Amino acid sequence: MKLLAIANQKGGVGKTTTAVNLSTCLAAKGKRVLLIDLDPQGNATSALGLEGTAGQSLYEALIGHANIKGKIVPTRFRGLSMIPADLDLAGAEIEVARLDDHLTRLREVLAGLDPDGLAVDGFPDAGA
């Protein structure tokens with residue numbers, strides 16, 4: 001499993017566009033891809049047509065109230081799944097900063113992912 005992060009503090013530099021296009025192209029090439037939208041604006045989520053997924057963001061997993069596997073939703077692209085964003089993520093930065101493991105929290109949450117936990121068609125396996 002490879003993890004890629006597309007990050008830049010400056011806005012308007014193409015982070016979301018790059019993430020959506022790269023993940024879609026990798027899925028089209030037969031790779032299993034999980035795109036995680038961590039921006040409360042949710043532009044990657046809406047770009048993939050998943051606007052109606054309130055409560056599915058990584059927020060609850062980041063603060064320790066949910067399992068990351070339950071947040072994965074399929075997209076219309078074979079091999080591409082997503083953890084969508086919602087407005088709850090706006091409060092996550094403040095709440096996570098209060099946790100003892102705030103510097104490694106995202107890594108720990110992502111460690112709960114099984115690389116074989118996604119089916120090739122993009123839908124989570126029934127046992128996940």
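The values are calculated or read from the model by the stated rules, or taken from the named source; none is laboratory data. Not measured: the values here are computed from a predicted model. Reconstructed Cβ throughout: ideal geometry from the backbone, glycine too, with neighbour counts over all protein chains shown.
Here are some notes:
- Of residues in the range 1-31 being of a type in the set (D, E, K, R) and more than 22 Å from Arg78 (Cα to Cα), the one surrounded by the fewest Cβ atoms within 10 Å (Cβ to Cβ): Lys10
- Here the range 32-58 is the region considered, the condition is being on the phi > 0 side of the Ramachandran plot and surrounded by fewer than 17 Cβ atoms within 10 Å (Cβ to Cβ), and the residue that is nearest to the chain's Cα centre (by Cα) is Gly55.
- Matching residues, the range 98-112, being outside any loop (DSSP other than H, G, I, E, B) and in contact (Cβ under 8 Å) with a residue 24 or more places away in the chain: Arg105, Leu106, Val109, Leu110
Every residue, every condition in (1) out of contact with any Lys or Arg (no Cβ under 7 Å at 6 or more places or on another chain); (2) more than 15 Å from Val33 (Cα to Cα); (3) among the polar types (S, T, N, Q); (4) in a strand (DSSP E or B), yes or no:
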{"site": "Leu50", "(1), (2), (3), (4)": "yes, yes, no, no"}
{"site": "Gln56", "(1), (2), (3), (4)": "no, yes, yes, no"}
{"site": "Ala61", "(1), (2), (3), (4)": "no, yes, no, no"}
{"site": "His65", "(1), (2), (3), (4)": "yes, yes, no, no"}
{"site": "Arg76", "(1), (2), (3), (4)": "yes, no, no, no"}
{"site": "Met82", "(1), (2), (3), (4)": "yes, no, no, yes"}
{"site": "Ala90", "(1), (2), (3), (4)": "yes, yes, no, no"}
{"site": "Val96", "(1), (2), (3), (4)": "no, yes, no, no"}
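- Only listed residue being of a type in the set (S, T, N, Q), in contact with a Pro (Cβ under 8 Å, 6 or more places away or on another chain) and without any contact (Cβ under 8 Å) to a residue 40 or more places away in the chain, chosen from Ser46, Ser57: Ser57
- Enumeration of residues in the range 67-91 that are more than 14 Å from the chain's Cα centre (by Cα) and free of Cβ contacts under 8 Å to residues at least 40 places away in the same chain: Arg76, Gly91
- Matching entry among Thr24, Thr17 (being farther than 22 Å from Arg105 by Cα and more than 14 Å from the chain's Cα centre (by Cα)): Thr17
- For Ala61, the stated conditions hold: it is crowded, with 21+ Cβ neighbours inside 10 Å, among the hydrophobic types (A, V, I, L, M, F, W, C) and modelled with pLDDT of 90 or more.
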